[in-house]
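Below is one structure; the comments refer to it alone.
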Amino acid sequence: MFEYIVLASALLLAVAAALVMKWRNGRFASVSAPDDRPRLDLALLNEAPGERASLVQFSSAFCAPCRTTRVVLKQVAELVPGVVAVEVDAESHLELVREFQIMRTPTVLILDSDGVIVSRASGAPTKEQVLETLVKNLPNLNK
């Protein structure tokens, strides 16, 4: 009987963890207090920042959701003037992966015009999630 209780508990815990992961996948979260937000200099990647914002995606070669995210970010960059999408190969930029604590791919960082990271998402965000986060975190996009 005890074995069945342990098995049922483990199963419930696994289902709960899977539901939480699914709910959090692709959702943006603020990075930290405005005064403590890290900055990413896109010149290190030989990329020019956007006039209003930059969407930086950390990807890996065998990441299927990375392909979807690439398309979504490109669509947003084409839709919103002054926004650029930049893809970073995580394997080739391990120092940045460590510095910004990238734990999975895709991870998307939203940078303001000064390169300050205002929000981030792990997993594949939807186009609506990206647009909503841009407007919420970057007031200059409403102009």
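Scanning region 48-77 for residues that are open to solvent by less than 10 Å² (accessible area, probe 1.4 Å) and over 15 Å from the mean Cα position of the chain (by Cα) yields a total of 1.
Might you check whether a residue that is surrounded by fewer than 21 Cβ atoms within 10 Å (Cβ to Cβ), without any contact (Cβ under 8 Å) to a residue 12 or more places away in the chain and within 12 Å of the chain's Cα centre (by Cα) occurs anywhere in region 94-103? Checked against the condition, which is being surrounded by fewer than 21 Cβ atoms within 10 Å (Cβ to Cβ), without any contact (Cβ under 8 Å) to a residue 12 or more places away in the chain and within 12 Å of the chain's Cα centre (by Cα), region 94-103 yields at least one hit. If you go through region 105-114 and keep only what is at pLDDT 90 or above and in a loop (DSSP other than H, G, I, E, B), you end up with Thr105, Pro106. Taken residue by residue, region 125-139 has no member that is in a strand (DSSP E or B), in contact (Cβ under 8 Å) with a residue 60 or more places away in the chain, surrounded by 18 or more Cβ atoms within 10 Å (Cβ to Cβ) and hydroxyl-bearing (Ser, Thr, Tyr). Within region 78-93, the set of residues being open to solvent by less than 20 Å² (accessible area, probe 1.4 Å) and closer than 19 Å to Phe28 by Cα comprises Val83, Val86, Val88. Looking only at residues in region 111-124 that are within 20 Å of Arg67 (Cβ to Cβ) and among the hydrophobic types (A, V, I, L, M, F, W, C), the one that is most open to solvent (accessible area, probe 1.4 Å) is Ala124.
The values are calculated or read from the model by the stated rules, or taken from the named source; none is laboratory data. Quantities reported herein were computed from a predicted structural model and do not represent experimental measurements. Cβ: placed from backbone, ideal geometry, glycine included. Neighbour counts: every protein chain shown. Remember, those area values only see protein heavy atoms, side chains included, never the ligands or the DNA or RNA. Shrake-Rupley method; radii C 1.70, N 1.55, O 1.52, S 1.80 Å.
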